[in-house]
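Novice: Got a structure here, written out as structure tokens. Questions coming.
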Amino acid sequence: MKDLKEFNIQFVGLKEGSHLFKYKIDNTFFEAFNFDDFEDASLNVALNFIKKSTLFELTFSANGFVKVPCDITNELFDLEVKTNMPLVVKFGPEFNDDNEEILILPHEAYEFNVAQYIYEMIVLAIPYKKVHPKVLDGTMESEALNKLKELEIKKEKTVEQTDPRWDKLKNLITDKKT
């Protein structure tokens, strides 16, 4: 990962209270993480940073689109991304990010980089299976879907053969009701 300096927050000079940081995220951001699952990305990230005397409360929120291929048709489409993530930053003897909701910075720290948290929030907001909206509503026309329909197994109507002994037992139940 390249050093993304614009995502450094120097908290030593900030007054206590709420601060808002805004970021524009595009493909160059994901290239810094060697992540190439998106063909294109256009997201706005807002970070509400609340500085208190002993800790920081951060709330990340992202809105926008990423262009991804459909898992069924391989057609590119804009997938809407709307997500948020809370993070609490405390101070301790050494850096610790074992807990996903609490970050512990060393007492001597004066800044930290939020790029990794923005990256994880966006990537985790993408569903495992990405399906084009036109596939879901049935209006998609593509070669892949046409081929799938052509190869679909057709069910033939057949008369089921049943065991006559069971049929007699079924008649017992219906005979009782009449």
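Novice: Among Phe56, Phe60, Phe49, Phe77, which is in contact with a strand residue (DSSP E or B) (Cβ under 9 Å, 6 or more places away or on another chain), more than 18 Å from Lys22 (Cβ to Cβ) and either among the charged types (D, E, K, R) or crowded, with 16+ Cβ neighbours inside 10 Å (or both)?
Specialist: Going through Phe56, Phe60, Phe49, Phe77 in turn, just one is in contact with a strand residue (DSSP E or B) (Cβ under 9 Å, 6 or more places away or on another chain), more than 18 Å from Lys22 (Cβ to Cβ) and either among the charged types (D, E, K, R) or crowded, with 16+ Cβ neighbours inside 10 Å (or both): Phe77.
Novice: Still on this structure: With the condition kept exactly as written, say whether any residue in segment 92-110 is surrounded by 15 or more Cβ atoms within 10 Å (Cβ to Cβ), under 26 Å from Lys24 (Cβ atoms), aromatic (Phe, Trp, Tyr) and modelled with pLDDT of 85 or more.
Specialist: No, segment 92-110 contains no residue that is surrounded by 15 or more Cβ atoms within 10 Å (Cβ to Cβ), under 26 Å from Lys24 (Cβ atoms), aromatic (Phe, Trp, Tyr) and modelled with pLDDT of 85 or more.
Novice: Kindly indicate whether Leu79 is out of contact with any Asp or Glu (no Cβ under 6 Å at 6 or more places or on another chain) and under 30 Å from Lys147 (Cβ atoms).
Specialist: yes
Novice: Going by the structure shown, is Phe7 closer than 22 Å to Lys129 by Cα, aromatic (Phe, Trp, Tyr), out of contact with any Gly (no Cβ under 9 Å at 6 or more places or on another chain) and modelled with pLDDT of 90 or more?
Specialist: no
Novice: With the requirement that a residue be in a loop (DSSP other than H, G, I, E, B), under 24 Å from the mean Cα position of the chain (by Cα) and β-branched (Val, Ile, Thr), what does segment 110-151 give you?
Specialist: Within segment 110-151, Val114, Ile126, Val131 meet the criteria.
Novice: Something else now. How about segment 10-45: which of its residues are under 25 Å from Val88 (Cβ atoms) and exposed (fewer than 15 other Cβ atoms within 10 Å of the Cβ)?
Specialist: Of everything in segment 10-45, those that are under 25 Å from Val88 (Cβ atoms) and exposed (fewer than 15 other Cβ atoms within 10 Å of the Cβ) turn out to be Gln10, Val12, Gly13, Leu14, Lys15, Glu16, Gly17, Ser18, Leu20, Lys22, Asn44.
The values are calculated or read from the model by the stated rules, or taken from the named source; none is laboratory data. Bear in mind the structure is a predicted one, so any value in this text is a computation, not a measurement. Don't worry about glycine lacking a Cβ; one is built from the backbone with ideal geometry, like all the others, and counts go over all protein chains shown.
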